[in-house]
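Colleague: Please find one structure pasted underneath; my questions will follow.
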Amino acid sequence: MNIEFSERLLNSLLLARHVVAFTGAGVSAESGVPTFRGNEGIWSKFKPEELATMNAFLKNPSLVWEWYAARKKIIGSTQPNEGHVALAGMEKMFPSFAIITQNIDDLHRRAGNTTVYELHGNIRRNYCLRCGMSYTDDDILLLEMPPRCTRTGCAGMVRPDVVWFGELLPQDQWDDAERASAQADVFLSIGTSGVVYPAAMLPMLAKRNGAFLIEINPDQAAGSGIADEFLQGPSGVILPLLYDVLKSAWSTKSIHSTS
Ligand code: OAD
């Protein structure tokens, strides 16, 4: 794939101090994690109200657990793709670089990013509904299904630490995400349909506060209209190209500044 990055896009990044990459399911598509919407999306095959709500869990915890156990298995067998790796490299290029992700797959951390705000939780973690005690997947494996809390006198049901429909986002992650978005000089919105709120507000918040907004997606998404630059294509291809261009621009810049 051949792609020309505009001068204003490159300048915005070369001058940026605070950069945010806001990611959705599309960034993990090339790792083999299915997206949610579209013809092949998870929500075209399963009903979210039967699998991803508190009501569904209370009604049929075994069914919900069966589904999450299958998702844990799929996600556990995936690896970060070239897009994740490029984002991990980009973290080192800027004084501040944060990932704000709607993904629960942990692939940004596994790729090497260290500042990662997870708005929708993390599928590798679990917690007790009654007392809040945390459980790893290894702990869960040893328990019956649906798993019950082993703390003396509790026996509450253990659930995956992901945000279900109708639930609030984790407050600390949201606060950090809002602050980083408002502060961003450049905000990259990558692989998200931009239809799930409040996460979908963040590109607008960044733009209102003066960020240069770059969108990366093979298709136009809900928020594409407000982007300063729309880079059409898969993130696993575009991000490594962008990373390479930035690397060589930085080295030219440093050659110039020392000459
Ligand atoms: P969606 O499935 O809604 O959207 C995925 C986006 O990724 C679409 O815009 C695709 O065009 C794009 N895409 C597909 N392949 C891509 C690729 N290789 N590179 C880049 N982009 C690609 O996923 P999200 O926007 O993440 O919430 O969905 C938001 C939330 O809805 C999810 O976090 C989840 C879901 O219900 C919860 O579970 C709370």
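The values are calculated or read from the model by the stated rules, or taken from the named source; none is laboratory data. The model shown is predicted, which means the values in this text are computed figures rather than measured ones. Every residue, glycine among them, receives a Cβ derived from its backbone with ideal geometry; neighbour counts consider all protein chains shown.
Colleague: How about segment 1-47: which of its residues are buried (at least 18 other Cβ atoms within 10 Å of the Cβ), more than 12 Å from the ligand (Cβ to nearest atom) and more than 20 Å from Gln232 (Cβ to Cβ)?
Modeller: Within segment 1-47, Ala16, His18, Val19, Val20 qualify.
Colleague: Residues that are more than 19 Å from Ala21 (Cα to Cα): find the strands (runs of 3 or more DSSP E) completely inside segment 109-226 holding 3 or more of those.
Modeller: 121-128, 134-136, 158-162
Colleague: Shifting gears a bit: Regarding Tyr127, is this residue buried (at least 19 other Cβ atoms within 10 Å of the Cβ), closer than 14 Å to Met157 by Cα and modelled with pLDDT of 95 or more? Give the derivation first.
Modeller: On the way: buried (at least 19 other Cβ atoms within 10 Å of the Cβ): no; closer than 14 Å to Met157 by Cα: yes; modelled with pLDDT of 95 or more: yes.
Criteria not met by Tyr127.
Colleague: Further question: Going through Leu188, Leu239, Leu169 one at a time, which residue ends up being near the ligand (Cβ under 10 Å from one of its atoms), buried (at least 22 other Cβ atoms within 10 Å of the Cβ) and modelled with pLDDT of 95 or more?
Modeller: Just a single option satisfies the conditions, and that option is Leu239.
Colleague: Let me ask something else. Check whether at least one residue in segment 140-157 is within 16 Å of the ligand (Cβ to nearest atom), more than 21 Å from Phe94 (Cβ to Cβ), surrounded by 20 or more Cβ atoms within 10 Å (Cβ to Cβ) and of a type outside the set (Gly, Ala, Ser), and report yes or no.
Modeller: no
Colleague: Assess whether Glu40 counts as being over 29 Å from Val19 (Cβ atoms), part of a loop (DSSP other than H, G, I, E, B) and modelled with pLDDT under 95.
Modeller: When the stated conditions are applied, Glu40 passes them.
Colleague: If we keep just the residues of segment 211-236 that are acidic (Asp, Glu) and more than 21 Å from Asn103 (Cα to Cα), which is farthest from the ligand (Cβ to nearest atom)?
Modeller: Here the answer is Asp228.
Colleague: Look at segment 78-105 and say how many of its residues are touching a residue at least 24 places away in the same chain (Cβ under 8 Å) and outside any helix (DSSP H, G or I).
Modeller: Number satisfying all stated conditions: 17.
Colleague: Quick one: how many residues across segment 227-236 are surrounded by fewer than 22 Cβ atoms within 10 Å (Cβ to Cβ) and in a helix (DSSP H, G or I)?
Modeller: Count: 1.
Colleague: Next question. Would you confirm whether any residue within segment 200-210 is within 9 Å of the ligand (Cβ to nearest atom) and in contact with a helix residue (DSSP H, G or I) (Cβ under 8 Å, 6 or more places away or on another chain)?
Modeller: No, the conditions are met nowhere in segment 200-210.
Colleague: List the pairs whose first member sits in segment 109-129 and is touching a residue at least 60 places away in the same chain (Cβ under 8 Å), whose second member is in a strand (DSSP E or B) and surrounded by fewer than 20 Cβ atoms within 10 Å (Cβ to Cβ), and whose Cβ atoms are under 7 Å apart, counting only residues at least 6 apart or on separate chains?
Modeller: Filtered contacts from segment 109-129: His120/Val162.
Colleague: Another one. When only residues in segment 191-216 that are more than 24 Å from Gly38 (Cβ to Cβ) and not basic (Lys, Arg) count, which is surrounded by the fewest Cβ atoms within 10 Å (Cβ to Cβ)?
Modeller: Applying the filter and picking the extreme gives Gly210.
Colleague: To continue, here is another question. If a residue must be buried (at least 21 other Cβ atoms within 10 Å of the Cβ), of a type in the set (S, T, N, Q) and more than 10 Å from the ligand (Cβ to nearest atom), how many such residues does segment 103-121 contain?
Modeller: So the answer is 1.
Colleague: For segment 227-237, which residues satisfy the criterion of being of a type outside the set (Ser, Thr, Tyr) and touching a helix residue (DSSP H, G or I) at 6+ places or on another chain (Cβ under 6 Å)? Give the steps one after another, and end with the answer.
Modeller: We begin by selecting, within segment 227-237, every residue of a type outside the set (Ser, Thr, Tyr); these are 227-234, 236-237.
Within segment 227-237, Glu229, Phe230, Leu231, Gly236 qualify.
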